[in-house]
C-alpha cells in the first residue's frame with residue numbers, strides 16, 4: 001500500500017491517468033444515477049431495475065451493431081414472412097435507436113406495473129421493481145444467452161505525454177464522456193425550460209398541489225419513468241462500448257446508482273453528477289492504492305462518511321417535526 | 001373480510017393441488033437405477049441461468065458419449081448388454097436448486113449413479129447429497145481444489161484441478177528467463193484474480209510455483225465479482241513493468257483484460273489468462289488477442305486416444321458433426337464425454353451394479369481416453385492428466401507447453417496490440 005503511494009508521488013503522470021479513467025467511469029455511473037434521482041425524487045419509487053435498464057440499452061447497442069439475419073414469421077409455425085440481412089451499424093449510432101426504444105419500454109412498464117405501486121408503501125415498490133429486475137435478467141438471458149458481450153466501437157487510443165510519462169486515453173472513453181455530458185445537459189435544460197419539465201418539477205415539490213393546478217400527474221409520472229429508462233438505455237450503449245454486458249451484470253449499476261443518489265440527495269442534480277464522477281475517481285484511487293479488492297470498500301466507506309457528515313450537519317439545524 | 005378468507009382458501013386449494021401434482025409426477029418415475037436393459041445415470045445440470053451455455057456444452061458431451069457407447073453395444077455387465085441413459089434436470093445455475101434436484105434424482109427417481117453438474121459451485125452443493133446417500137458421482141466440470149480436501153468417498157473428477165491452470169505459465173516464464181540469460185528469481189509477476197473460490201485456487205497454484213522459483217510478485221490484485229474495469233490495476237502494471245501478467249476472472253475478466261490491455265497500450269512480455277475460449281476473445285478482439293497464453297484441460301490437437309472416441313481430433317470431428325452449430329469444441333464437452341467413458345469401464349470392471357463394487361471399480365480407474373489419461377487420487381481428483389498451455393497465434397490456439405505436446409514454439413515477448 002505504501003509502495004503504491006510512493007509510486008504515485010514518484011510518477012505523477014499516474015495520477016493523471018487515474019483521474020482521467022475515474023472521470024470516464026464516473027460519467028456512465030452519473031448518467032444512470034441521474035435517472036434514478038429523477039424517479040426517486042419525483043415519484044418516490046426506488047427503482048431496483050435501474051441496472052437492468054442499463055444492460056438492456058447495452059444489448060440494443062450490441063444487437064444493432066452486429067450483422068445479423070432477421071427472420072419474421074408466424075410464431076409456432078414454420079411460416080416465414082420476411083427474411084433479410086440486417087447490416088451492423090456503428091455502436092455510437094445505436095444511441096438514437098436505444099433511447100426511443102427504452103423510452104417506450106419505460107412507458108409500458110409504468111402503465112403495467114409502476115402505476116399500481118406508486119401510491120403504496122416503500123416495500124411494495126421495492127418488491128415490484130426487484131421482481132421486474134429478475135424478470136428482465138431472465139428475459140435477456142433467454143434472448144441473448146449468458147455470454148459476455150461487447151459492442152466494438154473500433155476507436156484508437158491516444159498517447160499523451162503528461163508530467164513525464166505516457167498517459168493513454170481511449171477515444172471511445174473520451175467520446176462517451178462527451179456524450180454523457182451532452183445528455184445530462186440536455187435533460188437539465190429540458191427540466192428547466194420545457195412545459196413537461198416544469199410539470200415534473202412541480203409534481204416533485206408537491207404532487208397534490210400540482211394536481212389541483214391541473215397537472216396530469218399520472219402522465220408526469222409516466223414521462224419521468226420513461227425518461228429514466230431512456231437515460232439508462234443511453235448509459236447502457238456507452239457501457240457496451242467501454243466494458244462488457246451480460247444479463248446479470250445490471251446489479252453493479254443499480255448499486256452504484258443508489259450509492260451516488262444517497263450520497264448526493266435526489267433533489268440535487270449537480271450533486272449527483274459530481275458524486276458520480278467522484279465515485280469513479282475514488283474507485284480508481286482505492287483500487288490503485290489498496291488493491292482492486294478494496295475498490296468497493298473505498299466507495300462504500302466514503303458513502304458512510306458522507307452520511308455521517310450529513311447527519312451531523314442536520315443535527316445542528318433545528319428541524320420541524322413532520 | 002369474508003372475501004379475504006375466500007381468497008386464502010382458494011390459494012390453499014391451489015397449493016394443495018400443486019403438491020399433489022408434484023407428488024404424482026415424482027411418484028410415477030419408477031426405481032430407475034437399472035431397469036430392463038437400461039442403466040440410468042442422473043445429472044442436475046445448468047440449462048438455464050448464468051451457466052446455461054457451459055451447462056449445455058456439458059450435456060452435449062454426455063449425450064455424445066452415451067450415443068457412441070450405445071451404438072457400440074452398450075455396457076456389458078454379467079454377460080448382459082445394457083444401454084446407458086441420463087435423467088437430466090435443470091438446476092437453473094443455482095446451488096440450492098442443484099442440491100434439491102440431486103436429492104430428487106436419488107430419492108424419487110432411484111438413481112444410484114450420478115454424472116456431475118456444471119461448475120465447482122454446483123458440484124460443491126451436490127457432493128454432500130451424493131455422499132450422504134452413498135451414491136458415486138463422476139463429475140467433469142468442478143475443478144476447485146476444495147472439492148477434494150473434504151474426504152469425499154464417492155466423488156470422482158476427470159479434469160485437472162484449478163490450481164494447475166496457470167502454474168504452467170510460471171514454469172514457462174522461468175524457462176524463458178533462463179534461455180535469455182536471466183535468473184528465474186529476477187522474474188516479476190503481476191496477478192489479477194477475481195475474488196471467488198475458483199480464481200483464488202488458480203492464484204494459489206501460481207503463488208506456489210512463483211515461490212518455488214523465488215520469483216517476485218509485484219502486483220496481487222483481487223478483482224471484485226461485479227467489477228468491469230481493470231484500468232487501475234493496469235495502470236499499476238504500466239508503472240511496475242512486470243515480466244508476466246496473469247489474469248483470471250471468468251469470461252468477463254478475460255474480455256475486460258484483453259480490451260483494456262489494448263486500450264491502454266500495455267506491453268508485458270508474457271500475458272496468461274483463463275477463459276480465453278469461453279470469453280471469445282479471438283472473435284471479439286482479433287489481433288489484439290494475439291500471443292496471449294491460455295490454459296486448457298484438453299485440445300483437439302493432442303495425441304490422446306481411446307477405443308470409443310478414437311483420437312482427440314476424431315472426437316472433435318464427431319462432436320462438430322453431431323452439433324453443427326459449434327465451430328470449435330469446448331473442452332467442457334470433451335471432459336463430460338470422458339466422464340461417461342469412465343462410468344462404462346467402471347461398470348464392466350465391477351461386473352455388477354452393487355454400488356460399493358462400482359465405487360471401488362471407479363476408484364481403481366486407470367485408463368487412457370481421447371481426453372487424456374484418467375487415474376484418480378484417493379481424494380477423487382484426476383492426477384494423470386496435465387493442463388496444457390496454448391498461445392493465440394494469428395487468431396488460432398496453438399499448444400506451446402508442456403513441451404511434450406507442443407505443436408508450436410512460444411512467441412516471446414508478446415507484442416503490444418496495434419493501436
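Considering B:271, B:329, which residue is over 21 Å from the mean Cα position of the chain (by Cα) and either within 14 Å of chain A (Cβ to nearest Cβ) or on the phi < 0 side of the Ramachandran plot (or both)?
On the way: B:329 fails: over 21 Å from the mean Cα position of the chain (by Cα).
The conditions single out B:271.
Quick check on the stretch A:203-211. Is at least one of its residues outside any helix (DSSP H, G or I) and closer than 24 Å to residue A:107 by Cα? Lay out the reasoning, then the answer.
If we filter the stretch A:203-211 for residues that are outside any helix (DSSP H, G or I), which is where we start, we get A:206.
Of the ones still in play, those that are also closer than 24 Å to residue A:107 by Cα are A:206.
Yes, the stretch A:203-211 contains at least one residue that is outside any helix (DSSP H, G or I) and closer than 24 Å to residue A:107 by Cα.
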*Is it fair to say residue A:270 is away from chain B (no Cβ under 11 Å), out of contact with any helix residue (DSSP H, G or I) (no Cβ under 8 Å at 6 or more places or on another chain) and either farther than 21 Å from residue B:258 by Cα or buried (at least 24 other Cβ atoms within 10 Å of the Cβ) (or both)?*
yes
*Give, as residue ranges, the strands (runs of 3 or more DSSP E) completely inside the stretch B:70-154 that count at least 1 residues that are in contact with a helix residue (DSSP H, G or I) (Cβ under 8 Å, 6 or more places away or on another chain) and within 30 Å of residue A:248 (Cα to Cα).*
B:80-90, B:113-115, B:137-139
*asked:* Which count do you get for residues in the stretch A:212-267 that are over 23 Å from residue A:177 (Cβ atoms) and within 13 Å of chain B (Cβ to nearest Cβ)?
replied: 4
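If we scan the stretch A:279-300, do we find a residue that is within 13 Å of chain B (Cβ to nearest Cβ), at positive phi and surrounded by fewer than 23 Cβ atoms within 10 Å (Cβ to Cβ)? Show your work before the answer.
Looking only at the stretch A:279-300, we keep the residues that are within 13 Å of chain B (Cβ to nearest Cβ), and these are A:279-300.
Still in the list and also at positive phi: A:291.
If we keep only those that are surrounded by fewer than 23 Cβ atoms within 10 Å (Cβ to Cβ) as well, we get A:291.
The answer is yes, given that some residue of the stretch A:279-300 is within 13 Å of chain B (Cβ to nearest Cβ), at positive phi and surrounded by fewer than 23 Cβ atoms within 10 Å (Cβ to Cβ).
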*asked:* Restricting to the stretch B:226-257, name every residue that is within 22 Å of the chain's Cα centre (by Cα) and more than 9 Å from chain A (Cβ to nearest Cβ).
replied: B:246, B:247, B:248, B:249, B:253, B:257
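Scan the stretch A:141-156 residue by residue and report those that are in a loop (DSSP other than H, G, I, E, B), within 17 Å of residue A:67 (Cβ to Cβ) and under 22 Å from the mean Cα position of the chain (by Cα). Walk me through how you get there before you give the answer.
So the first thing to find is which residues in the stretch A:141-156 are in a loop (DSSP other than H, G, I, E, B), and the list is A:145-148, A:150-156.
Next cut, within 17 Å of residue A:67 (Cβ to Cβ) only: A:150-154.
Of everything in the stretch A:141-156, those that are in a loop (DSSP other than H, G, I, E, B), within 17 Å of residue A:67 (Cβ to Cβ) and under 22 Å from the mean Cα position of the chain (by Cα) turn out to be A:150, A:151, A:152, A:153.
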_As an exercise: evaluate residue B:147 against (1) within 14 Å of chain A (Cβ to nearest Cβ); (2) buried (at least 22 other Cβ atoms within 10 Å of the Cβ); (3) farther than 21 Å from residue B:292 by Cβ and give the number of the one condition it does not meet._
(1)
_Of the criteria (1) surrounded by 23 or more Cβ atoms within 10 Å (Cβ to Cβ); (2) touching a strand residue (DSSP E or B) at 6+ places or on another chain (Cβ under 7 Å), which one residue B:195 fails_ = (1)
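Residue-by-condition table, conditions (1) within 14 Å of chain B (Cβ to nearest Cβ); (2) surrounded by 20 or more Cβ atoms within 10 Å (Cβ to Cβ); (3) out of contact with any helix residue (DSSP H, G or I) (no Cβ under 9 Å at 6 or more places or on another chain); (4) farther than 30 Å from residue B:260 by Cβ:
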| residue | (1), (2), (3), (4) |
| --- | --- |
| A:166 | yes, no, no, no |
| A:185 | no, no, yes, no |
| A:189 | no, no, no, yes |
| A:203 | no, yes, no, yes |
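Each reported figure results from applying straightforward, stated rules to the coordinates on display, with no laboratory input. Being a predicted model, the structure only gives us computed values, none of them experimental. For neighbour counting, all protein chains shown are included, and Cβ atoms are generated from backbone atoms with ideal geometry for every residue, glycine included.
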